[in-house]
Structure formats: C-alpha cells, structure tokens
Amino acid sequence: MDRRTFVKNTSIATAAVIAAPYIITGEPRIKTYSNDKINSFEDDSIMIILELFGGNDGLNSIIPAYNDFYYTLRPNLSYPKEFCRQFESSDLYFNPNLVDGVHNGGLLQMFAEGKLAIIEGIGYDNPNLSHFRSQDIWLSGINNSNNSVKLTEGWLGRFLARKLTGYPLEIPEHPVAIQLDGTLSLLLKSDIGDMGIALTDPDRFYELGSNIAPKEPLRTGNSKYDKEYNFVYTIAKQSEIYSKAVKEAYDKGKELIKVNYSSGLAQKFGLISSLIAGGLKTKIYYVSLSNFDSHAQQQSGHYEGQHPTLLRHVANAISEFMDDAIQLGYAERIAGMTISEFGRRAYDNGSNGTDHGASSMQFVFGHDNYVNGAYYREQGKPDLSDLDDAGNIKFQYDYRRTFVDFLQSWMGANDDDIQAVFGQKFMPIGVLNPRAVSVENYVDLDNNSAIKIFPNPSKGNAKVEIVLKRNAIINLEIYNLLGFKVIDLFNGPIEPGKHSFDLFIENNGTYLCLLTIGNIKYSTKLIINK
Amino acid sequence: MKRRDFISQLALIDDTILNDLSPYTEPLNLRQAYHLLRRLSFAPTYELANQLVGQTVSQIFNDMFETTPTLPSAPNKNWVATPNEDPLKAGNPALRFEIEADIKKNYAEFIDWWIALMKDETKLPLREKLVLFWSTVWTIEFTYDTEALIPPGLCYKNNQVLREYSLGNYRDFAEAVTLDGAMLLYQSLFYSNRKIANENYMRELMELFMMGTGDIITGNPNYYESDVQEGSKALTGWRNGAYLHEPAPKGYFNTYFSPNDHIIEAKSFLNNIIPSRTEDQNTEDQVRNEEVRGIIDIILKERKMSVARFISDKMYKYFVYSEPKSASGEVINALAQIFADSNLNLRTLFYSLIASQHFFSTDNIGIQFKTPPEYIIGLEIMLGVKYAKSRQAIFDLEQELYDPPNVGSWKGYRTWISTKTYPLRIKYANEILITATNQTLLTLVKKFNNYQNLDNCNLNLIEYFLPDITKIDNERINRYKDILANNISSGQWGESIDNNDSKAADGIRNLIKEIILSPDFQLC
C-alpha cells in the first residue's frame, strides 16, 4: 500500500471506531465487519487446497500400468499391474495405497461415484526443477523462473487482497482463509499483509488469544519500521478476534462431526470439518503435507514405505472428510484440489528413489453435482516415450487453469479478478460447475411453500413443518416485524425427511418464520390472533 | 532527565538510508551498542553494551569475533562419539522404536547443549548468532524424511563445522560441509554409487548453499539440468561411519571414501571437464582435491560474482533487514564486490556490513523480526534469568533447530509472526518474566545510571527492552511511566528502589508485562 492509500484508509476508519473502549487517542484501530459483506462471498462455497510438498510422484500415484515403457523406465520402483487398482476395465490404474484399507474404498470409490477428477499432465512451460522456485511458481500463480524476480504474493493472497478492501483497518469477523499450520505460506500472503491465519489448535489458540491485542494505535507512517510494526499489530489483533470466532465454531462443530478421523493428515481435515459444521464462514482451508521429495528410500519391501504411507494419508484424509461432509450436509459446498510443485523424473534413480521431475497429476474432489468427475488427459498421454531433455514428462495443462476453475466457479471471481491475479487470462479446465443453489435444492416445495405452518392464523400454538430432500445444516427462527428474534426453533444439521417443530407465541401480531440453509433464506408469515 | 535530552543523547548519525557501505568511524553511543548487540548476539545486557560504548566498530571487532574461533567442548555424552544402531535395520518395530526414542533423547540433549551456548553469550567474544545463521543456510533436518533420523552425533559435528568456518573462507566452508556426515545422509550423497549419482545434494549445493538457480541480481541462469546430473557424478563415493556395527574405517561419524562407489568417467560441469581417472588415481585425496574441491572451484571460477551476491544477500537479510526485496542491487553489489575481492573471506564481508554507515542508519533500526531463539533467549539474557523450557518454547515458535520444514530452511521475515506463534510469544515471554524474582528486577534497574530518577529509569527500561525509543510518542512514554511508578511518587522512587520495595519491583514487572504486549517487542 502506498502512503496515500494508507492515509486515506486511516481517515475512514478513525471515524468508525471511536467507540472502542480501550481507545487512548483518535489514531487508527482495527474493526470488524460481517463476512457476508465481502463482495461475491455471500455464497457459502468452501475451497480446500492440499499441498503435497516435495514433489509427488505422479507416475506412482496414477500408474500407467498398461504401458510397458513404465516398467522399462522404472526397474526398481514400478508397481506390477496386478498390484494396481484398476477402474472398471479402463486404463486408469490407482496406486493400491489410494484404495486398499482406505476409508470407504478410498479414491477409486470416489472416482466411481463421480466425486473425484484426475487431471493428468498438470504443470507449466519451461519447468523449474527447484522445489522452492517451483513451489513459488505454483503458489504465486506466476510462471517466472528468473531468480532475480522475487515472488512475494500468493495467487489467493492477491485475490483476497482485492476482496478485503479495507484491510488492515477493517477485517471480516471470521478469517477468510485458514492454513492448518504454524506459519502462513506464500499462497495466502499479499503485499498488504497476511490474507489468512495460521491455526493448529483452536483450544490453545483461544486460551492464549484473549487480552493480547496491543493498546497503542496503528502507526500512520510508511517507514520500514512502521510497516513491520503494523504487521505485528494486525496479527496480534487478528489473534484476539479470531481465537474467539474459531473456538466458538470448533466447540459447536466438534460435537457434530460424524467420522472418526484417522491419525496424521486426516486429523487436520477433521478439524476443518468441525469448523465448517460449527458455522465458521471461512472460504479457504489450506493444508500441506511434506516429505514427498523421494530421492531415496521411496518405498521398501512389499510396496510399503515412505511414498505409499504418504498416499494412504492423502486418500484417507480426502475420503473421510468427504464422507463427513455428506453426512453433515455440507458436501455440496466443498471443492478441493491437490497441488504439488512438480512430479518426479520418469525413470528411477537407482537409490530406490526418483529425482525432481516436471509435470504431474492432480486430484480435484467434491460433490458429484459440481465436480465433473473424470480422468482429464489428452489422448496418448502421459507419453513416456516423449520426455523432455531432462527425462521428464511434458505438461498438457497449465496449472493455473485449475485455479481459474476454482476462482470462477467457487469463489465468484470475474474476468477482471482473473486478469489481476495472474496478469493474464486462462481458460478453466472445466472440472467444476458453479453452484446454482436455491431452497428448492433442499426443500420440498408444497404449494410453492417451503415452510408450512398450521394453524395460521393461530391463537398462540402452532406447528412448523419442513420436508428436506437431503442432509443440510439449517437455521429455523421466528422474528417479529421489528426484526427481533423471538424463537430459535432449530439450529444444526438435520437429516432428509419430514420435520415438525412446535411453537408458542404469547403476543398478538405478525411474525416471520425464517429458514436459512447456507446463504439461502426462505420466509413465511405467521399471524397470532388470540 | 527530560525525554528530549535523553533522545538527543541517543541520536544517530543520520536519518536517511545510505546505500553505500562507507565505514562508520565514530565511537558508538549506547543506542548504537544496543543495536549492534541485538543483531550480532541474542540481546544486549546493559553491562556489555556499556563496554562497547565509546569505541569504534573497528576497535572492537576483533574482541567481538575471534580470528580463530575457540570451539566449545563437546557435551559430555556418550552419543557424541558412539552411534546407535541403524533403526531401519533393527528387524522388528519394537526394537526400532526403542532405538529411535534413544536418538530423539540424544537430539534434545544436543539442542540443549547448543542453546546453553547461546544463553552464555553475555560477554565477548560472540559466535553463536553466526552459527545459528549458518544453520539456516546449510540446513540439516533431523527428521529428514518419514523414515529416518540424522544421528545426533553427526548433528553435533555439523554444528562445530558451522562454528569453525562461520567467518572463514567460503570455499573451504563449502568443501567441509559437502563432506560433513550429517549432510551426506540428509542430502542422499550417502546413496550415490558407481552406477547411480543421486542429484539431491548437487542441486541444493548450487541452488541453496552457493548461488541460486539464477543470479539474484541479473537473473542469468547459473546452471542447467545437465550440470546437476554431471556434477552429481563427481560427488559420488563418500560414506560415513554413522551407525554402530557398520563400516567406519576412519572411526565413527567420520567420512571416508569408498573407491568402488565413485564414478571415474569424465564429467562435464559448467563447461569445464573433470577428466576421467584410472582406478589408481581413484583415491580419497585425489578425488577430494580434484572432484569435490574441483566442483566447488569450478563454481567459483565460473560464477564467482553470483556466489558473492548470493551469500552477501543472505547475510544482509539476516543481519540488516529480512524483507525479500529489501536490499537494493547497489548495496548487494557493493558487498559482493568486497567479498569477491577478498577471495570469499566471510570475515571481510561480515565486517564490511556491520561496520558500515548503512548498518547504523536510523532507517535500519528495529525493523527485524526476532527469530524464536532471539526472542526466547534474548529475553532471558536481558532479564538475567534462565528459563528451563527454552528448547520447547523455541520449537513451539516454529524454529525447530536442526529440523527446518525443508531443505529450503525457514522462510523467515514475517512468517515468524502468525496467529499461531504470536499468542505463544506472549505466553512464553510472560513465563520467562515470572522466573525473574523481585530482587532480579531491582538489581537490573539499579544498573542504570541515575536509576533513582523515575523518568530516567522509565526511559532506560524502554530503551533496553524495545528496539527504537525514538519511535515511541510521549503519550506512551507517560503511560509506561505511570505503570512503572505503581503509585510511588517521583520523589519517593529512588528510595523505594534502594529499599528494595516490593511495590517498586511490581512496578517494574508490570511495565515489562506491558512492553511484552507492544508490537515493537517483536522487533529488534
């Protein structure tokens, strides 16, 4: 932010926050606003990013077991065809560790149900074989290998910075993005500050987060000192605010989740599920799993060891999470993807490992209504007989095309956003369909009414009835015409079928019965006349 | 003393950023001595800062950093000389876990040994901050993949290598770490043999430890994939006696050459040919000289300025300002030229940086994020206390020493402060403060000149615990003074301190508590 913008923001915010009790001077302080007010974020879609850091071996994840060349290139590290898990009678073969012993039949079952897409040949032109530069290229959304160009903003960081226009003086009441980690990665960094929060343990966060915000105001200068001071200030303030919001959602949500999550990576997904079920309005969750850099000891014995273990973690986490999402009724709001800075070399390296490669494969998961579950690849690809000079598989799809799918279909981005985030336009792969949600998706409309109330008018006692078509998290409330809530009828996840709720209202008058599912609201009038 | 007078006494040489590296030749004042110690050690003590006051950097440099570092004695533990069995070859899981538990315990002991050295740095000479810096450059991950652990005996040896070469010649440094046992294991050279050259280390040597994928200023590519592949062949054949019952011809934890595992064909690296060798020439000394040092020498011959810029930039980021785009090309180029002209003498580079006007420019004061060891150990040093859980605290703040998230090290800069680590920083600082008795706090204050004057006492405490008092407005200074006074009148303050009044001690404690909550307490 340049000085002029900062000063401008400052003057806006000063007026708005004078009421804060700890004010010492009229200098700028931070205030919050509702997440629903963020432009295009009214919708309740949620995006999950799972990073496989170190460079996942794509060839040993989705295995070209039909191709003899695979066995030639990998004398020490191939999976015999009979060990792979084939989808029907196709040439799509999963690593057995993505399937066997994994929750609900793992990724093969998700694929069969249309909840999983596989994008083969994801990567970029002029591949960079450095973990760190390539990771920066993936996370920044800028394909620039020139080491003198510093990539300091993530593509999501840039996108979110466009959304949070008043940052840091005005921040949403719930974090827009959460990284399940101790520090925040480039993905969520922007030049105006951190666009997400780092979270590992909601209880501890809450316990430590109260009364830690600085008492002094933000600084208004633009020196290095001022900038770093304000950065710390903002983190401190966010810690205090978000530790409460996160804890509140977590306490509610952890009682609701249905799946008994496995240890390791899946636990982080269990935490995400709790937060979603508990009503946190966070749009983006980011999880990273390391140790994919398998130069040596990639696997041992009977297809066990490092890489197989990691794949099992990935498959369990995704499968358990999506199962939970379905049971809790929020599955339609979810779309997730795996990312990895590169794949491995097509041939193995003789140390029972593989060296850095280029293009790889990517999973996209979600609800079958919105994920176009399929195996995306060009015919004849991956072509193991047509490697690049370094012995790597050539890419087919620019990695940013999937990002555009997510930004446009899931985060409400328009063309200007895409241009601003990536500096150019990319065509989406088409792996996601936008959600066109309405109450009708969830509720049986009988005589055009989602809510039935009888008797209506009533003398005080009445029955409210709804018929749900699918699992959902609902809010059912009665308001008076002044907008004050009179009764909380129900709040939480609910199963399909007919549900009725009894109510009693003391005073005569006209009331509104309001049903909320996600961001959709439906209301019916109720008259009390004694 | 009035605040204005206090500030002017502390005022620095200039208020502008100097992009040149002209030496700062004036004697240091207290503020400059604090700044120097915050950057070159973990935190200042009042005594040590005053020891430096009145002298120029050139006068004190040799006292601060020995020309030949005295290495600390090894921890008095078995694991320093005797390895464990290789847990991966244990045969059954129960035995494997038993061995691994032992290794983890030893690793904690190694880290505690190192942390104790850091805590002891309250007098000259200094060294451990440089060791910490180099451990973020030449990274070693104790838990280096899902399956294996680096033996703590090797971590210890690596740590001593970093200390020995911390201000040495970079060519010798690179050679020493390349053949260091911890690095051989960590970066897979251990697995290279005559048939297969593992590329892992060769790539990181160029990318992370010497020069970057491309020149950091010009952007010109420094090497191609074929250089990684060919260079790897030159580095084949090295082993280390890292495990009990495994070959250790030179003794445990020492690196040795295994001729049958070295690729003897010619290698073409950065447009230079390392000629093929006969089996007769395939000896430890020859291969070490012509291929290990050979590779490093070719890099230095072909890419000397790239190396010089890369290392200068790392040092600048660590000791001046860590913002990724912080240093101008002008500063880095000037530093790099000095470094290159000295034939990559780190002592020359380091001195040129910290003795420069640029280093002391007001613009560069108080803008670094305290790293977890600086934050935890620094507070212990400033208070004069020892905290029993420093290792756990530092790890919890996301710097697991000898176990970075990956070979690319900790990201540093703003990543040290997150919504996870910030609340923990406050918690740990308060825990450390609790370990200070009233007597400790009163003793600390009594070191200040004219401590009996409440204003002066207040300003001294602020100056001591926060990095830049000139940035603090009067309102805050007065608020702090009220907290410190704790309802003792100005007239009574001196007497209260001299009488060791607990009310005065509470005032000091409350002020430090308040300072801990201010954003600039995270900066140095």
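Positive end of the dipole of region B:265-320 (Cβ unit charges, origin at the Cα centre): among B:Ser276, B:Met305, B:Gly294, the Cα lying farthest that way belongs to B:Met305. In terms of distances greater than 22 angstrom between alpha carbons, the cross-link table entries A:Lys37/A:Lys215; A:Lys247/B:Lys427; B:Lys411/B:Lys513 yield A:Lys37/A:Lys215; B:Lys411/B:Lys513.
Of the trypsin sites (Lys or Arg not before Pro) found in region B:334-390, those in coil by DSSP whose Cβ has at most 15 other Cβ atoms within 10 Å are B:Lys386, B:Lys389.
If you rank B:Val161, A:Val421 by fewest surrounding Cβ atoms within 10 Å, what's the result? All intermediate terms of the calculation are to be shown ahead of the outcome.
Values: B:Val161 22, A:Val421 27.
Ascending Cβ contact count within 10 Å gives the list B:Val161, A:Val421.
Placing +1 on each Lys and Arg Cβ and -1 on each Asp and Glu Cβ, with no other charges, gives chain B a dipole about its Cα centre of roughly 900 debye. A viscosity of 1.567 mPa s and a temperature of 4 °C, combined with the Kirkwood radius over C-alpha pairs in the Stokes-Einstein formula, give chain A a diffusion coefficient of 52 µm²/s.
Each of B:Cys457, A:Cys84 was scored by other Cβ atoms within 10 Å of its Cβ. Listed from fewest to most, they are A:Cys84, B:Cys457. Shielding value for B:360-367 is 3, the average number of Cβ atoms from other chains within 10 Å of each residue's Cβ.
Report, in deg cm²/dmol and to the nearest 500, the calculated mean residue ellipticity at 222 nm for chain A, where each DSSP H run with n ≥ 4 adds -39500 (n - 2.57) and the sum is divided by the residue count. Working shown, then result.
On the way: 12 runs with 139 residues, N = 530.
Counting only the DSSP helices, I get -8000 deg cm²/dmol.
Taking each DSSP H run with n ≥ 4 as -39500 (n - 2.57) and averaging over every residue of chain B yields -15000 deg cm²/dmol at 222 nm. Considering only DSSP beta bridges whose two residues both sit in the protein assembly as shown, what percent are antiparallel, to the nearest 5? Antiparallel bridges make up about 70 percent of those DSSP assigns within the protein assembly as shown.
Using the beta-carbon distance between B:Glu514 and B:Val53 and R0 = 41 Å, what value does 1/(1 + (r/R0)^6) give for FRET efficiency, to the nearest 0.05? Walk me through the intermediate numbers first.
Numbers: r = 27 Å, r/R0 = 0.67.
That gives a FRET efficiency of 0.90.
With a Cα-only, solvent-free Debye model of the protein assembly as shown, what are the log10 I(q)/I(0) values at q = 0.05, 0.09 Å⁻¹? Each listed q corresponds, in turn, to -0.35, -1.11.
Across chain A, Cα pairs under 8 Å and at least six residues apart give a relative contact order of 19 percent.
In plain terms, the residue of B:Phe319, B:Phe142 with the fewest other Cβ atoms within 10 Å comes first and the most crowded comes last, giving B:Phe319, B:Phe142. Net charge dipole, the protein assembly as shown: roughly 2460 debye, given to the nearest 20, about the Cα centre with Cβ charges of +1 for Lys and Arg and -1 for Asp and Glu. Membrane-span-like helices in chain A, defined here as complete DSSP H runs extending at least 15 Å along the helix axis by their C-alpha atoms with mean Kyte-Doolittle hydropathy no lower than 0.5, are A:265-277; this is a sequence and geometry rule, not a statement about a membrane. Split chain A at each of the GluC sites (Glu not before Pro) in a DSSP loop with at most 10 other beta carbon atoms within 10 Å, and the longest piece is A:89-505. Using C-alpha pairs below 8 Å separated by at least 6 residues, the relative contact order for chain B is 18 percent. Relative intensity of region A:297-448 on a log10 scale, I(q)/I(0) at q = 0.09, 0.18, 0.21 Å⁻¹, equals -0.42, -1.23, -1.36, per a Debye sum over C-alpha point scatterers of equal strength in the absence of solvent.
How crowded by other chains is B:190-203, given as the mean number of beta carbons from other chains within 10 Å of each beta carbon? Show your work: numbers first, answer last.
Details: counts 2, 8, 4, 2, 0, 2, 7, 4, 7, 8, 8, 1, 0, 6.
Going residue by residue through B:190-203 and averaging, the value is 4.
Just counting partner chain Cβ atoms within 10 Å, what average do the residues of peptide A:219-230 show around their Cβ?
On the way: counts 4, 0, 1, 0, 6, 10, 12, 2, 3, 14, 9, 1.
Counting other chains' Cβ atoms within 10 Å and averaging over A:219-230 gives 5.
The mean sequence separation of alpha-carbon pairs under 8 Å and at least six residues apart, normalised by the residue count of region B:329-433, gives a relative contact order of 24 percent. Taking every lysine pair in region A:446-530 that is 8 or more places apart or spans two chains, those with Cα atoms closer than 28 Å amount to 27.
Put a dot 7 Å past the Cα of B:Ile477, heading toward its Cβ, do the same for B:Asn430, and the two dots end up 2.9 nm apart.
Read the figures in this text as sums done on the coordinates, not as results from a lab. Only a predicted model underlies this, so the values are computations on that prediction, with no experimental measurement involved. Cβ sites come from the backbone with ideal geometry, for glycine too, and all protein chains shown count toward neighbours.
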